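Structure first, commentary second.
The values are calculated or read from the model by the stated rules, or taken from the named source; none is laboratory data. Given the structure is predicted, the values throughout are model-derived calculations rather than measurements. Note that we place each Cβ from the backbone using ideal geometry, even for glycine, and neighbour counts take in every protein chain shown.
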């Protein structure tokens, strides 16, 4: 397993680590530039796409003790990203973020 994906390699060594859908393990990667690839690596190791997406949103907010983030809704501070497809059908679309909306402002990558 490529050491670029530390959480995914942990799952390879200890499959019981966080495969249970009820376990609320938050997103944790020391290399933010590889976040998109980490989604696919975790799904490849057996986690459902829904669970992996929750790790990066809801579970991370719970760990931080904030209830105004991690979900989209009135009065919440969630940032939004746009990807070219449905990550529940193909998690690799998370590697191609088209834009980020933060506090109502849209930020696009310079190459788009």
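For residue 26, the test of being assigned to a loop (DSSP other than H, G, I, E, B), surrounded by 15 or more Cβ atoms within 10 Å (Cβ to Cβ) and modelled with pLDDT under 85 is passed. Filtering the range 85-101 to residues that are under 20 Å from residue 73 (Cβ atoms) and out of contact with any strand residue (DSSP E or B) (no Cβ under 8 Å at 6 or more places or on another chain) leaves 87, 88.
State whether one or more residues within the range 43-52 are at pLDDT 65 or above, within 25 Å of residue 109 (Cα to Cα) and surrounded by 18 or more Cβ atoms within 10 Å (Cβ to Cβ). Looking for residues that are at pLDDT 65 or above, within 25 Å of residue 109 (Cα to Cα) and surrounded by 18 or more Cβ atoms within 10 Å (Cβ to Cβ), one finds at least one in the range 43-52, hence yes.
Would it be correct to say that residue 17 is under 13 Å from residue 91 (Cα atoms), in contact with a helix residue (DSSP H, G or I) (Cβ under 9 Å, 6 or more places away or on another chain) and at pLDDT below 85? No: the conditions fail for residue 17. Those strands (runs of 3 or more DSSP E) of the range 62-112 in which 2 or more residues are modelled with pLDDT of 85 or more, surrounded by 11 or more Cβ atoms within 10 Å (Cβ to Cβ) and under 13 Å from the mean Cα position of the chain (by Cα) occupy 80-82.
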